[in-house]
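**Student:** Encoded as structure tokens, here's the structure I'll be asking about.
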Amino acid sequence: MSEPRPIKSWLSDMDGVLVQEGHPVPGAQEFIARLRESGRPFLVLTNNSIYTPRDLAVRLRAAGLEVPEESIWTSALATAKFLHDQRPGGSAYAIGEAGLTTALHEAGYVLTDIAPDYVVLGETRNYSFEQITRAIRLIEGGARFIATNPDAVGPSTEGSLPACGSVAAMISKATGVEPYFVGKPNPMMMRSALNAIDGHSESTAMIGDRMDTDVVSGMEAGLYTILVLSGVTAKQQVDRYPFRPSLIVDSVADLLPLVD
């Protein structure tokens, strides 16, 4: 693992790094407070496209973490930014919740099922067969296929739920068209977050609890990558991957000395 380099800005995953099952990870409150006091730019990242940053700020506050909504970056925001850059003022048929539709509207997109430029698939707890059928027919008619993230399943109190990646696979099987996934592990998510805070890869750290999304996308974006063991990945699993994080720590509590 490489020596820590001066870190001027921070990106951090949310679940498993700052919160776990609705409760703050030990040290998370102090870490966020230290970041805010330092004045260093930071963003909390999530592949979840269901909620707006305002929604997530309220949910984090309920867990005891004071994160301003402007310091939250979702795959929905990254997707909207990507579409705006690719085709400003375009149109999309969106399957998702307020997090996605709000981001698309704010990017200047028209939401329609009449000859849209894109079909955009996000997360929702209420995927409907009617919407999926409409998406398939629009893609067959020439709409480009975009998905906010490749996560196959999502958590719930009853167990796993099919998520964006699973529904995207269904649509791909029906159309023969693969989507472009904007969220992690696509380093596009990291680069869009860097641009949002005017950060630079040489002086930015990415903190995550997953090797296959957080660490690999941070590494491919040229960031200093930090794996915390407070979430999904156990230390003995790290050697199974052909890449390594720059640093491994038990939790964000161990990173307090790195925040000036």
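**Student:** Taking region 127-189, which GluC sites (Glu not before Pro) meet the DSSP loop condition and have no more than 11 other C-beta atoms within 10 Å? Show your work: numbers first, answer last.
**Tutor:** Working: sites: E130, E140, E158; in loops: E158.
In loop regions of region 127-189 (DSSP not H, G, I, E or B), the sparsely surrounded GluC sites (Glu not before Pro) are E158.
**Student:** Continuing with this model, one more query. Which of the listed residues, T148, A103, A115, is farthest toward the dipole's positive end in region 81-181, when Lys, Arg count +1 and Asp, Glu count -1 at the beta-carbon?
**Tutor:** A115
**Student:** Then there is this: Please sort by residue number the chymotrypsin sites (Phe, Trp or Tyr not before Pro) in region 152-260 whose DSSP state is loop and whose Cβ has at most 14 other Cβ atoms within 10 Å. Could you put the intermediate results ahead of the total?
**Tutor:** Values: sites: Y180, F181, Y224, F243; in loops: F243.
Taking region 152-260 and a limit of 14 other Cβ atoms within 10 Å, the loop chymotrypsin sites (Phe, Trp or Tyr not before Pro) found are F243.
**Student:** Next question. Would you mind pulling out the separation of the Cα centroids of region 38-86 and region 169-187, in Å?
**Tutor:** Here the two parts' Cα centres lie 23 Å apart.
**Student:** If the chain between S128 and V58 were fully stretched, how many nm would it gain, using 0.36 nm times the residue separation less the Cα-Cα distance?
**Tutor:** Numbers: separation 70, 0.36 × 70 = 25.20 nm, distance 2.78 nm.
Separation in residues times 0.36 nm, less the Cα-Cα distance, equals 22.4 nm.
**Student:** How high is the FRET efficiency between I114 and Y180 when r is their beta carbon distance and R₀ equals 25 Å, given to the nearest 0.05? Can you show the working numbers first?
**Tutor:** Values: r = 22 Å, r/R0 = 0.89.
About 0.70, to the nearest 0.05.
**Student:** While we're on this one: Suppose only helical runs count, i.e. DSSP H with n ≥ 4. What mean residue ellipticity at 222 nm does that imply for the chain under -39500 (n - 2.57) per run, divided by all residues and rounded to the nearest 500 deg cm²/dmol? Write out the running numbers ahead of the final one.
**Tutor:** Numbers: 8 runs with 81 residues, N = 260.
Helix contribution divided over all residues of the chain: -9000 deg cm²/dmol.
**Student:** Taking H as built 1.01 Å from N, whose amide H comes closer than 5 Å to the amide H of F42, not counting residues under 5 places away?
**Tutor:** Correct list: W10.
**Student:** Using modelled amide H (1.01 Å from N, peptide plane; none on Pro or chain starts), what sits under 5 Å from the amide H of D250, excluding residues fewer than 5 places away?
**Tutor:** L229
**Student:** Provide the gained length on full extension for the span K235 to S160, in nm with one decimal, where the gain is 0.36 nm per separating residue minus the Cα-Cα distance.
**Tutor:** Working: separation 75, 0.36 × 75 = 27.00 nm, distance 2.39 nm.
So the extension gain works out to 24.6 nm.
**Student:** Would you mind checking the pairs K81/K173; K173/K235; K81/K235 and listing those with alpha carbons more than 32 angstrom apart?
**Tutor:** Working: K81/K173 27 Å; K173/K235 36 Å; K81/K235 35 Å.
K173/K235; K81/K235, as the Cα separations exceed 32 Å there.
**Student:** Go ahead and run the numbers for FRET between S203 and V153, Cβ-Cβ distance against an R0 of 35 Å, rounding to 0.05. Kindly include the intermediate steps, with their values, before the conclusion.
**Tutor:** On the way: r = 35 Å, r/R0 = 1.00.
Step by step, r from the Cβ atoms, then E = 0.50.
**Student:** In degrees between 0 and 90, to the nearest 10, how far off the longest principal axis of the chain does helix 164-175 point, with axes built from Cα atoms?
**Tutor:** Computed tilt is about 30 degrees.
**Student:** Pick out, in residue order, every one of the GluC sites (Glu not before Pro) in region 65-112 that is DSSP loop and has at most 12 other C-beta atoms within 10 Å; say none if there are none. Spell out each step's value before the answer.
**Tutor:** On the way: sites: E66, E69, E70, E97, E106; in loops: E66, E97.
In loop regions of region 65-112 (DSSP not H, G, I, E or B), the sparsely surrounded GluC sites (Glu not before Pro) are E66.
**Student:** What is the spin-label model distance, in nm, from R36 to E220 if the labels are put 7 Å beyond Cα along the C-beta direction?
**Tutor:** Result: 3.4 nm between the two label points.
**Student:** If you take every residue apart from S251 with its C-beta less than 11 Å away from the C-beta of S251, what net charge results, scoring Lys and Arg +1 and Asp and Glu -1?
**Tutor:** Details: positive: none; negative: E30, D209, D250, D254.
Cβ neighbours under 11 Å give a net charge of -4.
**Student:** What does the charge count near L60 come to, summing +1 for each Lys or Arg and -1 for each Asp or Glu among other residues with Cβ under 14 Å from its Cβ?
**Tutor:** Numbers: positive: R36, R54, R59, R61; negative: D13, D15, E21, D55, E66, E69, E70.
For residues surrounding L60, the net value is -3.
We did not get these values from a lab; they are worked out from the coordinates using the rules stated. Quantities reported herein were computed from a predicted structural model and do not represent experimental measurements. Here Cβ is always computed from backbone atoms with ideal geometry, including for glycine, and neighbour counts include all displayed protein chains.
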